[in-house]
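Notes follow once the structure below has been shown.
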Amino acid sequence: MRNAQRYSFIPIDVALGEASFRPYLPLTLIYQQSSAIASGLLDTGASVNVLPYPVGVELGYVWEQQTTVL
């Protein structure tokens, strides 16, 4: 596979041991004149991605104006 990249698995709950490890991708999100640094869970089988409310607020989204229904 060309251009393959590896991402570290980060423990979410150390009490669970290896079962808590999740692959996270570091992201910089940009919307208009704002940016936010976040981490996204890598899920290659996902058909929907969700932006956490606080990250949207940091970027300047007005949630009441969003029209997409999940």
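A Cβ distance below 7 Å, combined with a sequence gap of six or more or placement on separate chains, defines the contacts here; from the stretch 1-18, residues that are surrounded by 10 or more Cβ atoms within 10 Å (Cβ to Cβ) reach residues that are in a strand (DSSP E or B) and of a type in the set (S, T, Y) in the pairs Y7/Y24; I10/Y24. Cβ-Cβ contacts under 9 Å between residues 6 or more apart (or on different chains), taken from a first residue in the stretch 41-57 that is at negative phi and at pLDDT below 80 to a second residue that is in a loop (DSSP other than H, G, I, E, B) and surrounded by fewer than 11 Cβ atoms within 10 Å (Cβ to Cβ), are listed as D43/N49; V48/L70. Go through the stretch 19-39 residue by residue and tally those that are touching a residue at least 12 places away in the same chain (Cβ under 8 Å), over 18 Å from T68 (Cβ atoms) and in contact with a strand residue (DSSP E or B) (Cβ under 7 Å, 6 or more places away or on another chain). Of the residues in that region, 11 qualify. Among the residues of the stretch 19-30, those identified as touching an Asp or Glu at 6+ places or on another chain (Cβ under 9 Å) and surrounded by 12 or more Cβ atoms within 10 Å (Cβ to Cβ) are S20, P23, L29.
The values are calculated or read from the model by the stated rules, or taken from the named source; none is laboratory data. Treat the numbers as computed from the prediction; the structure is a model and nothing was measured. Here the Cβ is made from the backbone with ideal geometry for all residues, glycine too, and neighbour counts use every protein chain on show.
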